[in-house]
Each structure stands twice: as C-alpha cells, then as structure tokens.
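The values are calculated or read from the model by the stated rules, or taken from the named source; none is laboratory data. Note that the structure is predicted; figures quoted are calculated from it, not measured. Cβ placement follows ideal geometry from the backbone for every residue including glycine, while neighbour counts extend to all protein chains displayed. Heavy atoms of the whole protein, side chains included, go into the accessibility calculation; ligands, DNA and RNA do not. Shrake-Rupley method; radii C 1.70, N 1.55, O 1.52, S 1.80 Å.
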Amino acid sequence: MNNRISNLLNTVRCLRRCGSVLAPKYSGATRKHASWVGGHKDPLENVNFRKPFPSIFPSPHGSSLRFLSQKADVFSTGDEIQPEKSTEALGSEQVPQSSLELKNLKDDSGGSKAKPVVDHNEQFFNSLRKCTCPSDVLDLASESAVSLKHFTNCLTTAWRLLKTLSEDQQRYEKQLIFEHPVFVKLCQHLLRDARRMTRADLVFSLHAVVNLGVPQNTLLVQTLLRVCQEKLNQLDNRCISVLATTLAGLDKDKNVSALQAGLLLLAEQRIPSIRDIFILQNLMKCMGKDAPVFLKKKLEMAVLKEIDHLTYLNARRVFLGLVAMNYCSIPILNACSKKIQENIHDAQFWHLILILEACHNLQYRNVKLFSTVADYVNSSVCILDKKQIILFLSAFEILGFQPSELMGVFAEKVTADSEFLDLKSLLIVLRVYSRLNYLPKGQHHLFFETLQSCLNKYLPQISNTELLKAVYSLCILGYLPHRALDQLLQKESYERLLPSGDLYKEKKEMMLRCVKTCMELDSPSFTKPEFVPNENFSSLVSLNLRKAREALLELLGDENMFRQNVQLPYKYHIDFEIRMDSDRKKVLPVTATDNHPDTSVQRLAFLFVPLSAFCLGTTHPQGKLAMKKRHLSKLGYHVILVLNKKFQEMTNEDAVEFLKGKIYSENASPIF
C-alpha cells in the first residue's frame, strides 16, 4: 500500500513539474484537465466499449455522431461529452501522454523508477513488426501502447496488414477492428492530440482511419482534415504524396475542397523540385481531371525529367495517374508502355487489366503493348481462370484489338467444355467474337453450335434485350440461331422489346433490322439476284470523298462511267459503283447497263472506310463491316475497301494510279 501511495505522489509531482514547464498559465479548462490527469482519471473509462459500432456509424434510430459544429468528441455514447479544446489548449496538452508513459513504465521492484523510454519503444516496435493481422495490432496497443507515436503506428500498421487481405477477409477483419474496444480509444487519442502530431503521423493517421472505414463525416476525420489544412505548408513531399492519395478517395466537402485547393497551390510551387515519380503520380491522382491545364503540363514535364529512372511499378501508376487527370501525354505513355513490355512477366493479372482500361480511357493505342500483353496472357492461359481470360478478351474488344491466338485457344476451351459460361459470360464472348470478326479456323461450325447450345439453355430466363444482343452477335458472324430467332420475333417479345419512351429504341431498331437482313441474305435458300435496283443515288459527295471523285473523273473521263452515293435495298450504302465487262478490261456506262441488265456485267462497289472499321493495326474488318461486305457480295458486288485516311494522304497522281490498279486488276487486293 505504501509503495502505491509513493508511486502516486511521485507521479503527481512529476506531472506538475511537466505542466509548469509546458504551460505556466493554465486556463480554467486546462487546469480542470490537468487535475483529472494528475489523479489518473481517464475520461475514456466511462465509455461503453463493448458496443463500439453504433459509436462509429449512424444508427437508424438517430445518429450518435457529433459533427464539428457541435464541438463534441468523436464518438457520442451517452456519457459526458468533453468540449472541443481550442488550438492553444490542445497544443499544450502533453500531460496525458506523459502520465501513460510513467504509469506503464515502472520497474519490477514496484518503485517509481521508469525504464528508459527508448528501450520500451524498441520493444514495442519490434512486437508491432511481428503482428500478422489487425487484431494482433490492437491487442498489442491495449497492452503496450503508451505514446502518441505508438497510437499512430498501430493504426497505420493495422491498415497495412488489412490491405493485403482478400475482400472477404477485409470485411471480416474490419468488423473485428470496430468491435475491438481499443480501436475507439485509439481514435479518441488521435482526436484529442491531433495538433500535437508530427506531420508524418498526421497524414498517415488520416490515411489509415479513412481506409479502415471510419466515415468521412465523423469528427475524427474532419478534425484531421482541418489540422492538415493548418499544417499544410509544413508538409514535406512525402507527406503531400500520402495526403494526395487520401484526398483522392474522399467525397467533396468543405474541408476536403479547401485542402485540395491548398494542395494544388502548394504542388504548383513544389512540382519543379520533386524528383520522385511515385510522389508525382500521387499528385496526378489528387489533382484529377479538373486541374488547370498548365498544372498538368508542369506535372508532365516533371515526370519526363525522371523518365529514365522509371520502374515497372511506377510506370503502371503513372498510367493510372494520367487517367485520373484525363491527360494523354504520348511521350510518357510510350515510355511507360516500353517499361511494361520489358517487365511483362512481373505483371499481375489485375494490373494488366487496369493498364488496358487506362489505354481505352486515354484513347491511347499501342499495338506493340497490346500484342505483348496478349502473348503473355496466351502463354499463361493454362494457369488463368477462364473468367479471367474473358475479362482480357473484353478489354481487347473495347480497344478494337484482335488477339487472334488467344481467341483461338479460348474457342477450343469453349468447344471442349462450355459449362463455365453463365449468361453474362456468354453475352461477352458473343460480343467479342462478333465485333472483332473472329472465326476459329477449321472449327467455326462446332464453335457456333456450342454457343447456340448455351444460348438455348438460357432462353427461358433471358430478357428480351439480352436475347436481341445475343442473336445480333451471332447474325453478324453469319450464323442464324433458329430457336432464339423464333423467340425473339414473337409478337409479345417484339412489343416488349420496343416500348415507347425507350432511350435505346433507335439502336434496338437498327439491331432488329440487321437481324432480319441476315435472316434473308444469309439463309441457305437465298440466291444471287440478276439485278439489284438502286433505290436512289445523289451527285453530292461529302468532303472526304471529293478527292476520290476527282480521281475517278480524271481516270474514266465522264460522270456517266460511275455512280456515287448509291443507296441499295436493306439500307446498304455504296460510296462509288462502277460496272465493267466480264473480263474487267472495260468500264461500262452505268445508264446503259441499267436499261439492259446483263448477268455478265461485273459491279464494283468502292467503300471508303475509316481506320476504326478495322481491327487495330490490321486490315482485318470488324464485324459490322465484314457483314456488309459479305452481304454486298451476295447481292452481286465485288467489294473494294479503301482506307480513307491513307487515300487522303496520297498525291493526286498517286490517287489516280491507285484507283486504276483496283479497277482494272482482278488480282488486286480487295482492301487497301
């Protein structure tokens, strides 16, 4: 008993000495606070920590959260609320930490002599490094954490361990964290001592509590945001990077907006001196697409200065940073693409998916990068899940890139075992293969039959819109799924498919028209007509076809030798039509052949198409263009596809020679 009284008196004397040095003149609130600290009364003792969840998240019967305007503690539990201290008062409150240290650092003999804090810190951080889950960290905090540095490191370590877990594990661990009584204590210590934290502890603590799931509208998060505003100019580049990452994941509110505005001003000053690409890409994320263009250019120049030191990890992050800013810097993207290609075997599955999505968002097309990724996925296809392969195929389809080898291997897997294809996966596969116009060599009939069998299995439960998409995809490939067609064209289905006021009604009508055209032209019973009437044609040509018209006039000498803007049945359109004899030696006037139809007359259809109508980096037509070419051929036309962009780059003389070769040579390639 004597030892306990002695310890208590020594502690009080020590605290009074600390208090006299730190704050010679106490305010009333400060004296009151010091009195309960000196008596070892913890204001957290009365809090019911057995039910911490309602303290953190609002309950449906009335929120227990207290906001900044209420000047309350971070969690309201029905107990006495301590008023929010002023900046000066909080800045002077160093007594609680000291009391905890002295209370816990007693020697074995029970005397008042404390162990060196350094030894305890070393022991604590060694134990912290050995923790394997967030709950271990909180258990350690309840036993050994005695200082503000300990509290902040416990939270950041808990987040570091949490983010390595799977989503299901994270949900479970978060529940354990919020149910752990020490978590509330740690949060309250952060709230009370926010203005006493070092700049690193401040931003890392904010980053940790936000990512651990503490709601943004709690007093804790809002207070940390406000203190970050006050200390913004004191933050070093590393802290700015962490803060930028945290703000990028928060919703807009007054504190977040103010902090982001200040961070932009600070970044503008600091960017030229930053040499760390990791920090630069974090700033990209924080600035976002609304950042001023001049600031985006500053970041671009700063990254280009350090581009020689780029690593694979930073290259991936810079990709995502550019997406966040919605800023396409070709020099940076080319350098990042090269680094990713060099280290493709170190890439993880989700990283590659994110890179492909970033390329789409930035409208960046790099055939070498896409080919490298496709080859890598193809070489790893035996260890990848089939659903993962579908995600890659979908990403490539959005980019308009055809990974032919990968699509061939996957088609073999589908024909061998299609049980893994649920309805969503089936629709993706149909969309990918139809748009990229890929038919497996030597087994496309078996592939189509397998897909049709899968589709038939889902007919009782499929929606009308999904059914239309599936049938449309198969029709583009030239295959008619009869059972699905019968269900689609039933009167009830047709009426439900096109309700009044449907935002996608026009698109659905186009798809239905395409399906009906395929049913007629791709039917085995369809025969080539002797003559195809032109519904109408116009002498007017668009600006991008004037060069072609002038070249044809110079080559053929008369407007009667060709026809332009020809509209055919089935809503098909031809840019230029030329008619020739059976030997392709002589061009015939179109009016003469109209009056005397002759089956020996050859009809040429010139289609000037954009690059986007072909698979990226090839002259392989995508699905809709391939279908049009197939149908025009069935209508009796010899179709010649011309890349309009390349044609426009030709001189007038070269354009004439090019068209001459296409018209008079039977062996000429049907595609430019």
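In sequence order, what are the phi-derived ³J(HN,Hα) couplings for the range 419-434 according to the Karplus relation 6.51 cos²θ - 1.76 cosθ + 1.60 with θ = phi - 60°, rounded to whole Hz, with x for glycine and proline?
After applying 6.51 cos²θ - 1.76 cosθ + 1.60, I find 5, 6, 7, 7, 4, 4, 5, 4, 5, 5, 4, 4, 5, 5, 5, 6 Hz.
So what are the ³J(HN,Hα) numbers for the range 197-212, from phi and the Karplus equation (6.51, -1.76, 1.60; θ = phi - 60°), rounded to whole Hz, Gly and Pro as x?
After applying 6.51 cos²θ - 1.76 cosθ + 1.60, I find 5, 5, 4, 5, 4, 5, 6, 5, 5, 4, 4, 5, 5, 5, 6, 6 Hz.
Which far-off residues, 5 or more places away or on another chain, put their amide H under 5 Å from the one on Tyr572, with H placed in the peptide plane?
Result for Tyr572 returns nothing.
State, to one decimal in nm, how far the label point of Leu313 lies from the label point of Arg275, with both points 7 Å from Cα in the Cβ direction.
Label at Leu313, label at Arg275, 2.0 nm between them.
Spin-label point model (7 Å from Cα, Cβ direction): what's the Gln648 to Asp583 distance in nm?
Here the modelled spin labels are 4.0 nm apart.
Calculate, for the range 250-365, the solvent-accessible area per residue in square angstrom, rolling a 1.4 angstrom probe over the heavy atoms of the protein chains.
Numbers: 5560 Å² over 116 residues.
In whole numbers, the range 250-365 has 48 Å² accessible per residue.
Would you grab the residues whose amide H sits under 5 Å from the one on Leu588? Only those 5+ places off in sequence or on another chain, please, with H modelled 1.01 Å from N.
Arg579, Met580, Asp581
Using a 1.4 Å probe over the heavy atoms of the protein chains, calculate the carbon and sulfur portion of the accessible area of the range 545-664 as a whole percent. Present the calculation step by step, with values, prior to reporting the outcome.
Values: 2620 of 5330 Å².
The C+S portion of the solvent-accessible surface of the range 545-664 is 49 percent.
Quick one: ranking Leu322, Leu503, Leu446, Leu489 by accessible area, 1.4 Å probe, largest first, what do you get? Present the calculation step by step, with values, prior to reporting the outcome.
Working: Leu322 0, Leu503 160, Leu446 95, Leu489 65 Å².
Ranked list, largest accessible area first: Leu503, Leu446, Leu489, Leu322.
If packing is taken as the average number of other Cβ atoms within 10 Å across a peptide's residues, how do 170-176, 463-469 rank, most packed first? Mind dumping the intermediate values first?
Values: 170-176: 14.0, 463-469: 17.4.
For the peptides 170-176, 463-469, the packing ranking is 463-469, 170-176.
Given a Förster radius of 25 Å and the C-beta distance between Asp139 and Ser166 as r, what FRET efficiency does 1/(1 + (r/R0)^6) yield to the nearest 0.05? Please list the in-between numbers first.
Numbers: r = 22 Å, r/R0 = 0.89.
Result of the calculation: an efficiency of 0.65.
Work out, step by step, the length gained on full extension between His345 and Tyr664: first 0.36 nm times the residue separation, then minus their alpha carbon distance; give nm to one decimal. Spell out each step's value before the answer.
Details: separation 319, 0.36 × 319 = 114.84 nm, distance 5.03 nm.
My answer for the length gained is 109.8 nm.
Once you treat every alpha carbon in the range 162-221 as an equal point and sum by Debye, what is log10 I(q)/I(0) at q = 0.12, 0.16, 0.30 Å⁻¹?
These q points yield log10 I(q)/I(0) values of -0.31, -0.54, -1.32.
Taking amide H atoms as placed 1.01 Å from N in the peptide plane, list the residues 5 or more away in sequence, or in a different chain, whose amide H sits under 5 Å from that of His638.
Arg603, Leu604, Ala605
Would you kindly work out the equivalent ellipsoid of the range 243-324 from its C-alpha gyration tensor and give its semi-axes, the square roots of five times the eigenvalues, largest first in whole Å? List each step's numbers first, then the result.
Details: eigenvalues 91, 38, 21 Å².
Taking √(5λ) for each eigenvalue gives 21, 14, 10 Å, largest first.
Applying 1/(1 + (r/R0)^6) with R0 = 60 Å to the Cβ-Cβ distance of Ile398 and Asp119, what FRET efficiency is obtained, to the nearest 0.05?
Details: r = 59 Å, r/R0 = 0.98.
Rounded to the nearest 0.05, the efficiency is 0.55.
Assuming R0 = 56 Å, what is the FRET efficiency of Met519 and Lys305, from their Cβ-Cβ distance, to the nearest 0.05? Mind showing how you got there, number by number?
Numbers: r = 61 Å, r/R0 = 1.08.
It comes to 0.40.
What does the extension gain come out to for Asn217 and Thr132, with contour length at 0.36 nm per residue minus their alpha carbon separation? Each step should come with its number before you reach the end.
Values: separation 85, 0.36 × 85 = 30.60 nm, distance 3.01 nm.
So the chain would gain 27.6 nm between Asn217 and Thr132.
At what distance in nm do the modelled label points of Arg238 and Lys387 sit from each other, each positioned 7 Å from its Cα along Cα→Cβ?
Spacing of the two 7 Å Cα→Cβ label points: 4.0 nm.
Using each residue's phi in the range 501-507, evaluate 6.51 cos²θ - 1.76 cosθ + 1.60 at θ = phi - 60° and report the 3J(HN,Hα) Karplus result to the nearest Hz, with x for Gly and Pro.
Rounded to whole hertz, the list is x, 5, 5, 9, 4, 5, 5.
Calculate the tail of P(r) for the range 545-664: the fraction of all Cα-Cα distances greater than 21 Å, expressed in %. Write out the running numbers ahead of the final one.
Values: 2774 of 7140 pairs.
Cα-Cα pairs of the range 545-664 separated by over 21 Å account for 39 percent.
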